[in-house]
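Quick notes on the structure that follows.
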Amino acid sequence: MASQSQSLLQVRDLNVSFQTYAGQVKAVRGVSFDVGVQETLAIVGESGCGKTVTSKAVMRLLDRSGGKIKEGSQILFQGQDLLALRKKELNQIRGNKISMIFQDSMTSLNPTMTVGKQIMENILTHKKIPKAEARQWAKELLELVEIPNPEMRLKQYPHQLSGGMRQRVMIAIALALTPALLIADEPTTALDVTIQAQLMDLLASLKERFHMSVILVTHDLGIVADFADKVQVMYAGTIVERGSVEEIFDNPRHPYTWALLSSIPGRAQASKSKLYSLQGAPPDLLLDLQQCPFAPRCRYCMPVCKKAIPSQTQLSESHAAACWLLHPMAPAVQAPAGIGGTAHA
């Protein structure tokens, strides 16, 4: 975890709930992390684990969906408490100092507005400049994200563009004011593998060019290895493992991380092992956790796992995991074929 003096973003004990007809869904439970200056943090986990809710909480974009950030949560950006800001103050940060690439470009872009107007809207909201200057800026942004014939694309509507181009437009909107922090929520969803690789290469080069920090939210560990500096693995609204990208990929210590890595086709093929499919379903987030949340799906589950929640075990300065297998009295368990490390402390 980055030191406080080097941290651009600090999240402490974040708790987010949604009120539903069935009760209170506790989507994020006590999550804490730092993002350093010009650092990339990948938040990974399967659908419903709380990673997107965590990223939207940083932007305070949960009100319309009924999400409530609980008292005691803390989100500090450049030393400023985002949870204490009024709407007008927050709007000076959103899209300006912190920007977000949303998950589905087709639904995130306005179908009734041209691409040019949508990029210009973000610029003109924060900068008092002539429209002609904003339009030229928008054209340069399309060139920057490698969209061919940008002059024509400015006049087109989202439905006239391919999925990959729409996602590049989303990146252009997010980068319009060169933010210090970019949040990319599943930026490669529904795109083919070739386009995914192109977009990740583009994001990597733009990160270096603008000296940005990035939070990458994804369920696909395959796109993380060459892009992230740090990884945190989420399950049932909690962080079950965190570490540098090398520690997570070369020496993972939590069975859920093992399961995610084992489900990467290329990794399974390289180790000549069977592609893993995680059975079962995540726990009901309406309920309070009384045991390890992964216990019902874990092949290494012990009696203690069903009786108490494991605390974080610090494995190195940057690496920690919450698993009873890391207790000194637990039996040594070897990771599956093709996955490095052991679960014993």
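The values are calculated or read from the model by the stated rules, or taken from the named source; none is laboratory data. This one's a predicted model, so the numbers in the text were calculated from it and none came from an experiment. Because the Cβ atoms are built from the backbone with ideal geometry, glycine has one as well, and the counts that use them run over all protein chains shown. These accessible areas exclude ligands, DNA and RNA; they are computed on the full protein's heavy atoms, side chains included. Shrake-Rupley method; radii C 1.70, N 1.55, O 1.52, S 1.80 Å.
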Scanning the stretch 72-112 residue by residue, those under 19 Å from Leu14 (Cα atoms) and of a type in the set (Asp, Glu) turn out to be Asp81
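Would you call Asp220 surrounded by fewer than 21 Cβ atoms within 10 Å (Cβ to Cβ), under 28 Å from Gln291 (Cα atoms) and of a type outside the set (S, T, N, Q)?
Numbers: surrounded by fewer than 21 Cβ atoms within 10 Å (Cβ to Cβ): yes; under 28 Å from Gln291 (Cα atoms): yes; of a type outside the set (S, T, N, Q): yes.
Considered against the rule, which asks whether it is surrounded by fewer than 21 Cβ atoms within 10 Å (Cβ to Cβ), under 28 Å from Gln291 (Cα atoms) and of a type outside the set (S, T, N, Q), Asp220 comes out as yes.
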Of those in the stretch 112-152 that are hydroxyl-bearing (Ser, Thr, Tyr) and over 27 Å from Gln198 (Cα atoms), the residue modelled with the highest pLDDT is Thr112
Filter the stretch 11-67 for residues that are in contact (Cβ under 8 Å) with a residue 12 or more places away in the chain and among the aromatic types (Phe, Trp, Tyr); the one that is surrounded by the fewest Cβ atoms within 10 Å (Cβ to Cβ) is Phe18
The condition of being open to solvent by 10 Å² or more (accessible area, probe 1.4 Å), part of a strand (DSSP E or B) and farther than 27 Å from Leu278 by Cα holds, among Leu83, Leu76, only for Leu76
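Residue under question is Leu109, and the condition is that it be of a type outside the set (Lys, Arg), within 27 Å of the chain's Cα centre (by Cα) and at pLDDT 95 or above; does it hold?
no
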Among (1) of a type in the set (Gly, Ala, Ser); (2) under 29 Å from Trp258 (Cα atoms); (3) out of contact with any His (no Cβ under 7 Å at 6 or more places or on another chain), Gly45 falls short only on (3)
The residue that is farthest from Asp104 (Cα to Cα), considering only those in the stretch 154-163 that are assigned to a helix (DSSP H, G or I) and open to solvent by less than 40 Å² (accessible area, probe 1.4 Å), is Pro158
Residues of the stretch 223-254 being closer than 15 Å to Ile339 by Cα and open to solvent by 10 Å² or more (accessible area, probe 1.4 Å), in sequence order, are Ala225, Val245, Glu246, Glu247, Phe249, Asp250, Asn251, Arg253
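Which residue out of Arg166, Arg135 is within 30 Å of Cys49 (Cβ to Cβ), assigned to a helix (DSSP H, G or I) and not hydrophobic (A, V, I, L, M, F, W, C)? Show your work before the answer.
Values: Arg135 fails: within 30 Å of Cys49 (Cβ to Cβ).
Result: Arg166 is the single residue among Arg166, Arg135 that is within 30 Å of Cys49 (Cβ to Cβ), assigned to a helix (DSSP H, G or I) and not hydrophobic (A, V, I, L, M, F, W, C).
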A careful count of residues in the stretch 200-217 that are assigned to a helix (DSSP H, G or I) and crowded, with 22+ Cβ neighbours inside 10 Å gives 1
Per the list (1) closer than 23 Å to Leu82 by Cα; (2) among the hydrophobic types (A, V, I, L, M, F, W, C); (3) in a helix (DSSP H, G or I), residue check on Ile183 breaks on (3)
Note on the stretch 136-168: residues touching a Ser or Thr at 6+ places or on another chain (Cβ under 7 Å) and either under 26 Å from Phe77 (Cβ atoms) or touching a residue at least 60 places away in the same chain (Cβ under 8 Å) (or both) are Arg166, Gln167
